[in-house]
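Contents: one structure, followed by commentary.
The values are calculated or read from the model by the stated rules, or taken from the named source; none is laboratory data. In this text, all values refer to a predicted model and were calculated from it rather than measured experimentally. Cβ placement follows ideal geometry from the backbone for every residue including glycine, while neighbour counts extend to all protein chains displayed.
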Amino acid sequence: MRKKIIAGNWKMNHTTVEINKFMEELTEAKVGNEDVEAIICGPFPYLSLLVDKANHTALKIGAQNMHFEENGAFTGEVSPLMLNDLNISHVIIGHSERREYFAETDETVNKKVQAAFANNLTPIVCVGETLEQREAGEMLSHIEKQVTAALNGLTGEQVAQTIIAYEPIWAIGTGRTASSAEANEVCVHIRQVVRQLFTKNIAERVIIQYGGSVNPDNIRELLSQTDIDGALVGGASLKAASFLQLLEESK
Ligand code: PGA
């Protein structure tokens with residue numbers, strides 16, 4: 001049985017006051033258990049604060065991006081070595097907002113995935129189609145291309161440790177969730193692609209999340225599907241009460 005992994009993607013939201021409040025509320029409640037893993041991916045300036053506050057809880061802290069080089073002349077960038085040094089466990093790679101606004105490509109995504117493993121970070125690799133691609137019948141081939149590129153050069157064991165987040169772009173922040181059947185169809189396809197590229201055993205182990213307007217009211221239905229092992233959640237992860245509800249509904 002694959003465990004459920006719920007990851008909050010705070011994007012460019014929250015400063016010290018909100019973060020302290022969120023973490024106070026979270027530590028009062030018992031977060032995460034053997035069946036459900038909880039991760040918050042916060043903004044870079046607050047990662048240390050989050051790691052500090054999450055100490056002695058089961059909450060893991062992730063970043064939302066990183067560079068693929070460990071150091072060097074890359075003004076304004078943050079390296080995998082730095083994230084590892086801060087005790088960050090996870091890193092989101094290739095979110096559609098990064099692909100769209102910050103020129104992230106399948107090639108840089110692959111370099112970052114490899115750099116994550118070289119630095120003890122678990123990558124949460126995002127893939128997803130636009131509405132135009134879905135309507136043109138190009139959805140599955142597009143997803144296959146993104147998954148294949150992202151996993152290029154990895155060992156089977158690394159792939160088994162990778163989290164893949166299927167996030168249809170038209171469902172992100174729009175309030176329009178893919179139906180559980182629509183989401184599962186693509187997650188099944190992703191597992192098949194992993195199976196073709198690696199082995200059945202690796203494909204059975206890889207965690208596949210759904211993301212795009214997930215909230216406490218729809219998460220249970222989404223997670224009831226055969227191939228959805230968790231969720232990557234933006235808006236509904238910002239408040240502790242809502243994040244805790246997501247975890248509760250995932251049990
Ligand atoms: P949303 O964002 O839950 O606000 O739609 C999801 C994401 O972009 O990861």
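See the values below:
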| item | result |
| --- | --- |
| Matching residues in the stretch 1-28 - criterion: being in contact with a strand residue (DSSP E or B) (Cβ under 6 Å, 6 or more places away or on another chain) and of a type in the set (S, T, N, Q) | Asn9 |
| Residue satisfying all of: in the stretch 155-166; of a type outside the set (S, T, N, Q), within 18 Å of the chain's Cα centre (by Cα) and away from the ligand (no atom under 16 Å from the Cβ); nearest to Ala118 (Cα to Cα) among these | Val159 |
| Residue in the stretch 33-40 that is surrounded by 17 or more Cβ atoms within 10 Å (Cβ to Cβ), of a type in the set (Val, Ile, Thr) and modelled with pLDDT under 95 present | yes |
| Restricting the stretch 41-82 to residues that are in contact with a Phe, Trp or Tyr (Cβ under 6 Å, 6 or more places away or on another chain) and not small (Gly, Ala, Ser), the residue that is nearest to Phe102 (Cα to Cα) | His67 |
| Which listed residue, of Leu49, Leu26, is at pLDDT below 95, away from the ligand (no atom under 16 Å from the Cβ), outside any loop (DSSP other than H, G, I, E, B) and hydrophobic (A, V, I, L, M, F, W, C) | Leu26 |
| Subset tally (residues that are crowded, with 18+ Cβ neighbours inside 10 Å and under 22 Å from Gly212 (Cα atoms)) for the stretch 1-21 | 9 |
| Answer residue from the stretch 36-57, given it is aliphatic (A, V, I, L, M) and over 15 Å from Thr122 (Cα atoms) and is farthest from the chain's Cα centre (by Cα) among those | Leu49 |
| Contacts under 8 angstrom Cβ, first residue in the stretch 228-249 being in contact (Cβ under 8 Å) with a residue 24 or more places away in the chain and among the acidic types (Asp, Glu), partner within 12 Å of the ligand (Cβ to nearest atom) and in a helix (DSSP H, G or I), 6 or more apart | Glu249/Ile219 |
| When residues of the stretch 167-222 are limited to those that are acidic (Asp, Glu) and surrounded by fewer than 21 Cβ atoms within 10 Å (Cβ to Cβ), the one farthest from the ligand (Cβ to nearest atom) | Glu204 |
| Strands (runs of 3 or more DSSP E) enclosed by the stretch 58-141 - at least 1 residues per element that are polar (S, T, N, Q) and under 14 Å from the mean Cα position of the chain (by Cα) | 122-127 |
| Contacts under 7 angstrom Cβ, first residue in the stretch 114-134 being over 19 Å from Ala7 (Cβ atoms) and touching a residue at least 12 places away in the same chain (Cβ under 8 Å), partner among the small types (Gly, Ala, Ser) and surrounded by fewer than 18 Cβ atoms within 10 Å (Cβ to Cβ), 6 or more apart | Gln114/Gly153 |
| Members of the stretch 223-244 found to be within 14 Å of the ligand (Cβ to nearest atom) and more than 18 Å from Met12 (Cβ to Cβ), listed by number | Gly230, Ala231, Ser242 |
| Within the stretch 95-114, considering residues that are hydrophobic (A, V, I, L, M, F, W, C) and under 14 Å from Val127 (Cα atoms), the one surrounded by the fewest Cβ atoms within 10 Å (Cβ to Cβ) | Val109 |
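Each row is one residue, and each column tells you yes or no for (1) touching a strand residue (DSSP E or B) at 6+ places or on another chain (Cβ under 6 Å); (2) hydrophobic (A, V, I, L, M, F, W, C).
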position: Leu86; (1), (2): no, yes
position: Asp106; (1), (2): no, no
position: Val109; (1), (2): yes, yes
position: Phe117; (1), (2): no, yes
